[in-house]
1. Assigned by TED's automatic domain parsing to the domain that holds A:GLY247, modelled with pLDDT of 80 or more and either open to solvent by less than 90 Å² (accessible area, probe 1.4 Å) or near RNA strand B (Cβ under 6 Å from one of its atoms) (or both) - does that describe any residue in the range A:180-187?
2. Within the range A:403-419, can you find the residues that are among the aliphatic types (A, V, I, L, M), out of contact with any Lys or Arg (no Cβ under 9 Å at 6 or more places or on another chain) and either open to solvent by 10 Å² or more (accessible area, probe 1.4 Å) or not assigned by TED's automatic domain parsing to the domain that holds A:MET322 (or both)?
3. So which residues in the range A:236-295 are in a loop (DSSP other than H, G, I, E, B) and hydrophobic (A, V, I, L, M, F, W, C), if there are any at all?
4. Of all residues being among the charged types (D, E, K, R) and farther than 18 Å from A:LYS148 by Cβ in the range A:188-202, which is modelled with the lowest pLDDT? Just the residue, please.
5. Please indicate, with yes or no, whether at least one residue in the range A:303-317 is free of Cβ contacts under 8 Å to residues at least 40 places away in the same chain, touching a Phe, Trp or Tyr at 6+ places or on another chain (Cβ under 9 Å), outside any loop (DSSP other than H, G, I, E, B) and surrounded by fewer than 19 Cβ atoms within 10 Å (Cβ to Cβ).
6. Here is a check on your reading of the model: is A:THR231 open to solvent by 20 Å² or more (accessible area, probe 1.4 Å) and among the polar types (S, T, N, Q)?
7. State whether one or more residues within the range A:255-278 are within 18 Å of A:ILE116 (Cα to Cα) and in contact with a Leu (Cβ under 7 Å, 6 or more places away or on another chain).
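The values are calculated or read from the model by the stated rules, or taken from the named source; none is laboratory data. Since the structure is predicted, the reported quantities are computational estimates derived from the model, not experimental observations. Here the Cβ positions follow ideal geometry from the backbone for every residue, glycine too, while neighbour counts run over all protein chains shown. Keep in mind that these areas ignore ligands, DNA and RNA; they rest on the heavy atoms of the full protein, side chains included. Shrake-Rupley method; radii C 1.70, N 1.55, O 1.52, S 1.80 Å.
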Amino acid sequence: MQLYQSQTLKIHNSLSGKKEVFKPLNEGHIGMYVCGPTVYSNVHLGNCRTFMSFDMIFRYFKHLGYKVRYVRNITDAGHLVDDAEDGEDKIAKKARLEKLEPMEVVQRYTVDFHNILQKFNFLPPSIEPTATGHIIEQIEIIKDILDKEFAYEKNGSVYFDVSKFNEKHEYGKLSGRKLEDMISNTRALNAQEEKKNPQDFALWKKAEPQHIMRWPSPWGDGFPGWHLECTAMSTKYLGETFDIHGGGMDLKFPHHECEIAQAEASNGQSPVRYWMHANMLTMNGKKMAKSTGNNILPGEIFSGDNNILSKPFSPSVVRFFMMQAHYTSILDLSNDALLASEKGHHKLMDALDAIDHLESSNSSDFDIESWKNDCYAAMNDDFNTPILIAKLFDAVKFINIAKEGKQSISAPDKIILKEILCGFVFEVLGLEGKTDEAADSDKLSGVVELLIQLRKDARDNKDFATSDKIRDQLASLGIQLKDGKDGTTFSVL
RNA sequence: GGCAUCGUGGCCGAGUGGCUAGGCACAGCUCUGCAAAAGCUUGUACAGCGGUUCGAAUCCGCUCGAUGCCUCCA
């Protein structure tokens with residue numbers, strides 16, 4: 001019996017705008033696709049938040065006992081810079097500026113992306129396909145859509161015919177837009193004269209002679225449109241209809257809308273059963289943007305090399321900070337917020353360490369069953385990690401009281417408490433304990449124990465000047481002494 | 001201008017038509033040589049204006065503000 005059989009999970013489906021009971025297409029198995037990064041620069045912190053939300057969701061599915069195929073692509077081709085760039089591929093553009101091969105740029109930033117995600121303790125997806133590795137599949141889909149007459153060719157490019165599609169299908173159902181509104185609101189843009197209608201989008205773009213990234217196709221040398229790769233890769237690995245498609249809120253339109261259109265045009269069915277969208281990250285109340293300087297790279301948070309935050313913060317603290325907000329809410333990052341999260345994170349980890357040292361008793365003053373149910377109820381309610389964390393702090397409080405000997409816990413309950421707590425903290429939330437390896441070093445703890453002993457001697461002799469000196473010096477090194485009933489312990493901050 | 005997601009106490013951030021979120025900060029107390037840590041106790045809310053209701057911060061309308069998107073841009 002798997003855990004998921006006893007849990008009812010609800011997911012907010014962007015398509016319906018409602019929370020729906022989640023039932024996978026095939027019992028026990030879940031197919032999930034998340035739009036990955038474009039690897040033409042360092043990964044954006046906001047992007048990390050989106051991926052982290054889906055990492056948590058992936059982790060919870062696995063925790064529930066589901067077999068999950070999680071596909072997250074790497075976009076290494078297909079994005080255009082803007083109209084002024086004459087249809088030049090974004091990656092090719094950057095490559096010329098830096099005098100690098102396009103694939104060299106892709107490699108550099110793919111490595112950066114993986115490095116940062118590893119620091120954040122992400123689980124790797126099941127498949128991480130690249131757009132350039134699926135050109136053939138994309139061409140096949142274009143052929144299919146052309147056959148069904150939902151697309152047309154013009155001068156070596158192929159465009160999706162939105163108006164025609166809209167006659168039999170509903171273009172705009174995900175983002176709540178109506179084609180008529182879009183038509184009346186369209187701005188005048190350059191280089192659109194090939195399209196029948198401004199709403200049409202490219203499935204295949206003809207490559208100009210200077211364009212480096214190019215592939216042969218039935219319509220001449222060119223490259224695929226941006227929306228197509230996700231359709232090709234998601235359906236290839238997950239089937240024509242699959243359970244979950246996720247991404248940032250910003251991708252809802254046009255990207256995800258176009259994905260729906262492409263899939264419905266090519267195989268007649270709606271590709272995704274549950275659409276999930278993660279919300280944006282702001283900093284100091286404003287959107288993060290390089291142009292205004294209101295921007296920070298993940299690596300700069302970890303190193304402290306920035307003029308926005310007062311100190312470095314560990315990846316796990318940043319993760320804890322992000323998990324304290326619901327994935328569908330806008331989250332605001334600030335120095336104060338990170339400082340608060342750091343303290344909360346530390347308190348949580350200290351309590352986890354303390355469980356093993358609790359005395360077992362014949363009975364428990366803590367209702368483990370009902371607490372455990374509350375934890376699962378929080379996660380089952382559209383992955384409500386803030387509520388889960390609030391529940392975890394109920395346990396933290398109990399552990400601290402029990403540590404003082406004021407309440408008790410039975411031996412079996414102690415095992416369950418630890419198992420559930422660790423399960424949620426490490427497995428589901430993906431947090432990490434003491435990252436400072438020094439804390440585990442025998443040498444360090446030997447030295448600190450010695451100092452604690454010396455301080456105790458000084459205190460016994462009422463030599464408080466010496467005892468305070470030891471305490472304060474250690475504190476300035478980031479080692480905190482805690483005087484308890486049964487002597488002094490320490491923790492490395 | 002249109003569409004979408006929001007607007008909660010000093011800060012971050014959940015939630016609900018009437019019943020404690022939680023973390024951090026602040027104050028008092030316990031413990032302590034003094035602190036720290038931990039515990040206990042307490043305070044400050046639901047953008048504004050209308051409406052529905054016995055009752056709304058929670059539902060509806062409008063206003064203001066934030067963020068994203070509006071065709072090739074995460």
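1. no
2. Selection gives A:ALA411, A:ILE415.
3. Residues satisfying the conditions are A:MET280, A:MET288.
4. The qualifying residue modelled with the lowest pLDDT is A:GLU193.
5. The answer is no; no qualifying residue exists.
6. Working: open to solvent by 20 Å² or more (accessible area, probe 1.4 Å): no; among the polar types (S, T, N, Q): yes.
Judged against the criteria, A:THR231 is not a match.
7. No, that holds for no residue.
Conditions (1) farther than 27 Å from A:MET322 by Cα; (2) among the aromatic types (Phe, Trp, Tyr); (3) not in a loop (DSSP other than H, G, I, E, B), marked per residue:
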{"site": "A:ALA354", "(1), (2), (3)": "no, no, yes"}
{"site": "A:PHE398", "(1), (2), (3)": "no, yes, yes"}
{"site": "A:PRO412", "(1), (2), (3)": "yes, no, yes"}
{"site": "A:ILE420", "(1), (2), (3)": "no, no, yes"}
